[in-house]
Amino acid sequence: MTTAAQEAFLREFHARHPAVTSGTMGHGRAPDGRSSYEIVRDRVEGHARVLDLGCGDGFLLELLAEAGHEVAGIDLSATDLALARQRPSLAGATLLEGRAQDLPFPDDAFDACVSHMAFMLMPDIECVAAELARVLLPGGLLALVLAGGAGGGGGYELFLRLIRQVLADTPAQQQIPQLGDRRTRHRDGIDEILIPAGFSPVEWTVEPIDLGGSAEQVWSTLSATYNLMPLDPAVVKSLQAEFLAKATGLADADGRVPCVMNVHLAVATRG
């Protein structure tokens, strides 16, 4: 699948589902009570000028601006950027539609860069790494939040099992293109991408994010996935019915279905 086709798919998905990432991940909490957005915000504390790569609707940018950072964001989605521009705290921020492989910023423009659930979707990832090294000051910090899979059973593991069964029987034309670079799924792969561009080996931590709730709430969270967009609506409806029936059996006495998603936090420094 070409880079252009991957990016066209992402633009279409986010035009149909504005603010989907913050809507699904914003309420999740790590064991210390922070969201994954707050975790990455706190990791760049003390760095004045921060770029959000794949900033979406500006959820993380707003947290950074409120913490006193001078912020800028870039994203493929004009729909999400329009939402970001409506946030009062981002009135003075630079918010641009563009590609991570060709950043419209000068050399050494930022003290830090963050990216929440976006880096692993980007094609031509070596170009992205080179551009990040260019726009970061020497010693600048890069902090990436990356998807890490299910965290020990519950609703997320159930959803993954069911969606894999559905996709195994789905024609190729009704499946999403392969997005991003598979090396972004593990530490060694991130090092393979970043070190040649001039970054240090990454610090790598796993953060379990609790996305639990009622069966319906968990379905709403997990069904906001790229995989479902090309599927026949009848297939999605059947998948939903099966998920809700089985997830109810996972609920505790209060009706809460456990749902833990592990995310990886990868942090590196530009040499």
_Suppose the filter is closer than 23 Å to residue 120 by Cα, hydrophobic (A, V, I, L, M, F, W, C) and surrounded by fewer than 21 Cβ atoms within 10 Å (Cβ to Cβ); does residue 84 pass it?_
no
*Being farther than 17 Å from residue 119 by Cα, of a type in the set (A, V, I, L, M) and touching a strand residue (DSSP E or B) at 6+ places or on another chain (Cβ under 6 Å) is the filter here, so list the residues in region 59-88 that pass it.*
64, 65, 71, 78, 81, 84
*Do we have any residue at all in region 50-61 that's of a type outside the set (D, E, K, R), surrounded by fewer than 16 Cβ atoms within 10 Å (Cβ to Cβ), out of contact with any Lys or Arg (no Cβ under 6 Å at 6 or more places or on another chain) and at pLDDT 95 or above?*
no
*Looking at this structure, is residue 73 buried (at least 17 other Cβ atoms within 10 Å of the Cβ), touching a Cys at 6+ places or on another chain (Cβ under 9 Å) and at negative phi?*
yes
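Return yes when residue 129 is under 26 Å from residue 60 (Cα atoms), among the hydrophobic types (A, V, I, L, M, F, W, C) and crowded, with 24+ Cβ neighbours inside 10 Å and no when it is not.
Considered against the rule, which asks whether it is under 26 Å from residue 60 (Cα atoms), among the hydrophobic types (A, V, I, L, M, F, W, C) and crowded, with 24+ Cβ neighbours inside 10 Å, residue 129 comes out as yes.
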*region 1-28, residues that are of a type outside the set (S, T, N, Q), in a helix (DSSP H, G or I) and either touching a helix residue (DSSP H, G or I) at 6+ places or on another chain (Cβ under 9 Å) or farther than 17 Å from residue 177 by Cβ (or both)*: 9, 10, 11, 13, 14, 15, 16, 20, 23, 25
*Can you find a residue in region 2-12 that is over 15 Å from residue 54 (Cα atoms), of a type in the set (S, T, N, Q), crowded, with 19+ Cβ neighbours inside 10 Å and in contact (Cβ under 8 Å) with a residue 60 or more places away in the chain?*
no
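The values are calculated or read from the model by the stated rules, or taken from the named source; none is laboratory data. Computed from a predicted structure; not experimentally measured. Every residue, glycine among them, receives a Cβ derived from its backbone with ideal geometry; neighbour counts consider all protein chains shown.
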